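Data first, discussion second: the structure below is written as structure tokens.
The values are calculated or read from the model by the stated rules, or taken from the named source; none is laboratory data. Computed from a prediction, not measured in an experiment: that's the story for all the values here. Here the Cβ positions follow ideal geometry from the backbone for every residue, glycine too, while neighbour counts run over all protein chains shown.
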Amino acid sequence: MQNFTFFNPTKILFGRGRIADLAKEIPAGQRVLITYGGGSVVANGTLAEARAALSHAAVTEFGGIEPNPSFETLMGAVQLARETRSEFILAVGGGSVMDGTKFIAAAVPFPGEDPWDLVTRKAPVQAALPFGVVLTLPATGSEMNSGAVITRKSLGAKLAFGSPLLFPRFSVLDPTKTYTLPPRQIANGVVDAFVHTVEQYLTFPTYAPVQDQFSESLLRTLIDVGPITLREPLQYEARAAFVWAATLALNGLIGAGVPQDWATHMIGHELTAKFGLDHAQSLAVVLPAMLEERFEAKRDKLVQYAERVWNLREGDAETRAHQAIRQTRAFFESLGVKTRLTDYGIQASDIQGLVAALETHGMKALGEKKDVTLDVSRRVLERAL
């Protein structure tokens, strides 16, 4: 295990009825911009609860932040925040709203001409508006980390950025506010959290037993409660376990001091940008193919994964490791998330364009050892057909 520094200032307010605590977290009279996505937070009453809890504040609202939040939409919120001199932002929604809010928070005080420079890392985040979260869709872990992924439609780009200044001040995690999510979003959330965990765990041995066993417990939890919460959406215990697992999967703790991969995510971003796949759909397609393509480099951890996560102990080690990859694919499929490019109408003829996009965006040396070249990415996509 390597030396590391772990920092996470986000306060978690977990459980039923915690939206009411917004009144304690945001000072009276503060100018607050509420950001949200579509109509679900309106229909299920979550937005109304947030408004009621903020009756002591001066509230402005910006809705319409789409899945895979776009720079073009978010700049409208930046303009509104500047016009209303907002002092605090409250994101009500899932990962896209949270990620978009992080960009808004950084872009409002940005002194340069083009806030897109924040995403391309041409300009560091030097200041950001404070913000909090009311979570309605567990998946990305954005409620307890400082990273975000933003799309710029005009460029066909989907890129990650982040800063220590972009941790939420607090996050409200009330599992009951996720009850009305459609099955597709629940399944996507389970896959997203699962792959987040795998990308920080399934690399190569470094003797980090705390992080390894923490990761394995998260994966086993998702395998256990994912199908239950999909089948029984009002079962509080399963939903609460899922919400908390998704948060812990990407709050930085399991990745502290250990190698991390993220090649699956980078390739997945190109699938989303070019073909509109849900983020989790892209991950479910790429991960099994990535594990097969990089089997030798990941062999030791794959064997560990097979034994500790899937309880596979019969046969030789290599056989168990390959079986674990097959069971990973089968798990995603059991949730209703397809795992082949052709399931989404993507053909072999499309692969060159995806590889070219990876090259354009500088994704030429990915993975925990930076050995996922463009040729390796091409082979992964070919395996994923």
Pairing a residue in region 216-241 that is assigned to a helix (DSSP H, G or I) with any residue that is among the aromatic types (Phe, Trp, Tyr), where Cβ atoms lie under 6 Å and the two sit 6 or more apart in sequence or on different chains, gives 222/194; 225/242; 229/242
Taking region 85-102 and keeping only residues that are part of a loop (DSSP other than H, G, I, E, B) and more than 16 Å from residue 177 (Cα to Cα), one is left with 85, 86, 87
Note on residue 127: of the conditions (1) crowded, with 23+ Cβ neighbours inside 10 Å; (2) in the same structural domain as residue 84 (by TED's automatic domain parsing), unmet is (1)
Looking at region 264-278, can you tell me whether even one residue there is surrounded by fewer than 22 Cβ atoms within 10 Å (Cβ to Cβ) and β-branched (Val, Ile, Thr)?
yes
Those residues of region 74-116 which are crowded, with 24+ Cβ neighbours inside 10 Å and charged (D, E, K, R) amount to 99, 102
Expected output for region 366-383 (first residue closer than 11 Å to residue 298 by Cβ, partner in a helix (DSSP H, G or I), Cβ below 6 Å, 6+ apart or cross-chain) is 367/263
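Condition check ((1) within 18 Å of residue 251 (Cβ to Cβ); (2) at pLDDT 95 or above; (3) not aromatic (Phe, Trp, Tyr)) across all residues:
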{"site": "116", "(1), (2), (3)": "no, yes, no"}
{"site": "124", "(1), (2), (3)": "no, no, yes"}
{"site": "130", "(1), (2), (3)": "no, yes, yes"}
{"site": "160", "(1), (2), (3)": "yes, no, yes"}
Checklist line | Flag if residue 246 is outside the structural domain of residue 133 (by TED's automatic domain parsing) and assigned to a helix (DSSP H, G or I) | finding: yes
Residue 258 vs (1) under 21 Å from residue 185 (Cα atoms); (2) of a type in the set (Val, Ile, Thr); (3) touching a residue at least 60 places away in the same chain (Cβ under 8 Å): all pass except (1)
For residue 128, state whether it is of a type in the set (A, V, I, L, M), over 30 Å from residue 183 (Cα atoms) and part of a helix (DSSP H, G or I).
no
Taking first residues from region 315-326 that are touching a residue at least 12 places away in the same chain (Cβ under 8 Å) and second residues anywhere that are of a type in the set (Phe, Trp, Tyr), the pairs with Cβ under 6 Å that are 6 or more apart or on different chains are 324/305; 324/310
